[in-house]
Each structure stands twice: as structure tokens, then as C-alpha cells.
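The values are calculated or read from the model by the stated rules, or taken from the named source; none is laboratory data. None of these values were measured; they are calculated from a predicted model. Here the Cβ is made from the backbone with ideal geometry for all residues, glycine too, and neighbour counts use every protein chain on show. Calculation scope for accessible area: heavy atoms of the full protein, side chains included, ligands and nucleic acids excluded. Shrake-Rupley method; radii C 1.70, N 1.55, O 1.52, S 1.80 Å.
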Amino acid sequence: MAGITDRPFRQIIREFAPNVPVVTEMISCHSLVEQHKNCLRNFDKYGDEGNVGAQIFGAAPNLMADAAMILEDLGATWIDINMGCPVPKVATRANAGAFLMRDHKLAGQIIAAVTRAVKIPVSVKTRLGWDAEHIDWTDLVRVAADNGAKMVTLHGRTRAQGYTGPAVLPKIENMPIPIIANGDICDTNGVQTAIANGYAGAMIGRAMMGRPWIFGEILGTAKKPENICETILKHLGLIIEYYGAHAGVPMFRKHLAWYSAGLAKSSDFRVKINQITDETALKQEILQFWGCVAER
């Protein structure tokens, strides 16, 4: 998820679930191949991160293949091709992401180019279809399988829905490759329901925001900390280390909004932190809100 599953957040996830497969933020093939210096994720190395799939998007088969090779060299354990992002700048202006649900020929060309270019597995992330009149995910799954993809993750909404309305995940029958369920899955029951309906597993998306321990809870490897302050401060430290304080402090505000959601006086807390640009001041507000003691 762009702006969320960056390297610092992946490191926090590993605190609770060391072996869970994790997918990177969406990476533009153009930005990666051209080595845009203002995009730090273009330079991530995954060798010390465990099982990490790198997700790329784009509409040019040759550039997607080049990007996949770069990510393989950087230590990604598999490549995930985004064919479900509904954001207009990706799906309508760049002819990538969810647009590829409308052009299965191009989708097949991209998948084939990427699978030929790398030795690691390739998967596809997609949706039910472009809109309610075009529910054709089964066709795209077969295109993916025919062109070498090993797995497809299916989000239970159309592109037209975006993230509105409940996700509806159809039962899986007679598919040529494993299908992973995605959409509104937030606990063990959701995972078990998906598996009972024929899915090979489940992918957690927005439910992880402010809950990096969710994977540990589902897998039984960890529980939510009694006081999440230590986790939050460690997350902030990793953000500052990665982005620097100038960019990192404003960026971390959204994470604090998610961490504090549903807690008493959280709205006042969010108003206060949205005015803060200093790392020390932000830490003090975190310590005060969660009632924890600063490290000596």
C-alpha cells in the first residue's frame, strides 16, 4: 500500500511476525528503472527483510521486465504485478493498475515479459472487474496462469467501487493457480472463511494500519502490546532514520492517527500533532497521550 508498507513499517511488522510474507509499496517501473532519486523505495535492499514481495505497476512490458530484474537483484523473493489499483493517476492516466483488467492482451504481455525476465515467482494483484457490468476476474486469472504467474490475489471489489461498500469474495472453483483473498479481512475468522471458500490464503491490507501486530495475532506468534507506546516510538525512530526528521515527522502523523483511533481524546490528540514539525515535540506528545515513560 503506497505510503504505508514502506521499509520502516515492514520492520515493525517483523517485530510481531518474523516470517510472514510482506509486500512492498507499489513501485513505478518508470521510477525504478530511471532511478528517480526522490523516491527512496527505488533503492531499498531486501536481503535482510526475509520474505518480501516487491509490487510493481506500469503499462510497458519491457520496462516492467527491467524493473522486475532490478528488484530480484535487490533481494525480493517474488514479484507482484499490480492490476487492481483504482487510483485515477494509475488506472486511467497511466493505463496501469486496474486498467489492465480492461486490456487482457496487454496484461498477458506484461506478465509474460516479467516471468521471462526473472527466476523468482511472479504473482498478480487484481479486482473483481472494472465495474459491476464487467466482472471478469476469472478470465484474467487464466491469462495470468497462461503467461507464467504462480498466484493471483483477488480484492473483492470492482475498480468502480474503489474501497467503498463491503468486499464480496466469490467462492473459488476450478482455477488453474492459487487465489489469495483480499478485502475487509481483519482477523483469524476472516482468514479461515477465505480458506473455507477455496482460497489458498489471505492478504491483509488496510486492517494493518495502526495494527502492525495483526499478523502476529492471526498467526499466533504475538499479541497486541499492553501499551503500544514502545512500538510507536520505535516506528517513529525508523521513519526518522529512513526519511530524515524534516520529511519523517509530518509523514508519521497519519500513523499516529491510526494508532490512536478509537481511544479517548484521540481527536484532540490528532489536532495537536498535526501542528507539530519537531521530532522532540512529537515524541513528548506521544509519551503524554499513551502515558509512557521516556527511555533514560
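Applying 0.36 nm per residue to the separation of Gln275 and Glu133 and subtracting their alpha-carbon distance, the gain on full extension is 46.6 nm. Computed from backbone phi with θ = phi - 60° and the Karplus coefficients 6.51, -1.76 and 1.60, the 3J(HN,Hα) list for segment 187-201 is 7, 4, 4, x, 5, 5, 5, 4, 5, 5, 8, x, 7, 7, x Hz; x is used for glycine and proline. Projecting the alpha carbon convex hull of segment 213-296 along each direction and taking the average yields 6.0 nm².
Summarised in one figure, the compactness ratio Rg/Rh of segment 1-74, Cα atoms and Kirkwood Rh, is 0.97.
Cross-link pairs exceeding 22 Å in C-alpha to C-alpha distance, out of Lys234/Lys283; Lys89/Lys119; Lys125/Lys171, comprise Lys89/Lys119. Ligands, DNA and RNA left out, the 1.4 Å accessible surface of segment 6-63 is 53% carbon and sulfur atoms.
Seen from a random direction on average, the alpha-carbon convex hull of the chain projects onto 15.6 square nanometres.
A simple packing score, the average count of other Cβ atoms within 10 Å per residue, orders the peptides 240-249, 58-67, 98-107, 164-173 as 58-67, 98-107, 240-249, 164-173, with the highest score first.
Computed from the alpha carbon positions, the gyration tensor of segment 1-150 leads to an equivalent ellipsoid with semi-axes of 24, 16, 16 Å, biggest first. The listed peptides 199-212, 218-231, ordered by packing as a protection proxy, come out as 199-212, 218-231 (highest mean of other Cβ atoms within 10 Å first). Stretching Arg142 away from Asn19 to a fully extended chain increases their span by 41.3 nm, per 0.36 nm per residue minus the current alpha-carbon distance.
For segment 55-110, dividing the convex hull volume of the Cα atoms by the residue count gives 70 Å³ per residue.
Along segment 50-64 the Karplus relation, 6.51 cos²θ - 1.76 cosθ + 1.60 evaluated at θ = phi - 60°, assigns HN-Hα couplings of x, 7, 10, x, 9, 9, 10, 9, x, 10, 10, x, 5, 5, 5 Hz to successive residues, with x for each Gly and Pro. Taking a point 7 Å out from the Cα of Asp103 in the direction of its Cβ, the residues of segment 59-73 whose backbone N falls within less than 11 Å of it are 59-61.
When you count the other C-beta atoms within 10 angstrom of each residue and take the mean per peptide, 154-162, 77-85, 130-138 line up highest first as 77-85, 154-162, 130-138. Net charge of the neighbourhood of Arg7, taken over other residues with C-beta under 13 Å away and scored Lys/Arg +1, Asp/Glu -1, is -2. Can you check what the net charge comes to around His104, using other residues whose Cβ is under 11 Å from the Cβ of His104 (Lys, Arg +1; Asp, Glu -1)? Net local charge, His104 excluded: -1.
Karplus-based coupling profile of segment 12-17, in residue order and whole Hz: 5, 4, 5, 4, 9, 9, with θ = phi - 60° in 6.51 cos²θ - 1.76 cosθ + 1.60 and x standing for Gly or Pro.
Across the accessible surface of segment 215-296, with the other protein chains kept in place and a 1.4 Å probe, carbon and sulfur atoms take up 51 percent.
Determine the per residue accessible area of the chain with all protein chains present and a 1.4 angstrom probe, expressed in square angstrom.
With all protein chains present, the chain gives 47 Å² per residue.
Database remark: amide H of Ala202 closer than 5 angstrom to the amide H of Ala181 (H placed geometrically; neighbours at sequence offset of 5 or more, or on other chains; Pro and chain starts carry no H).
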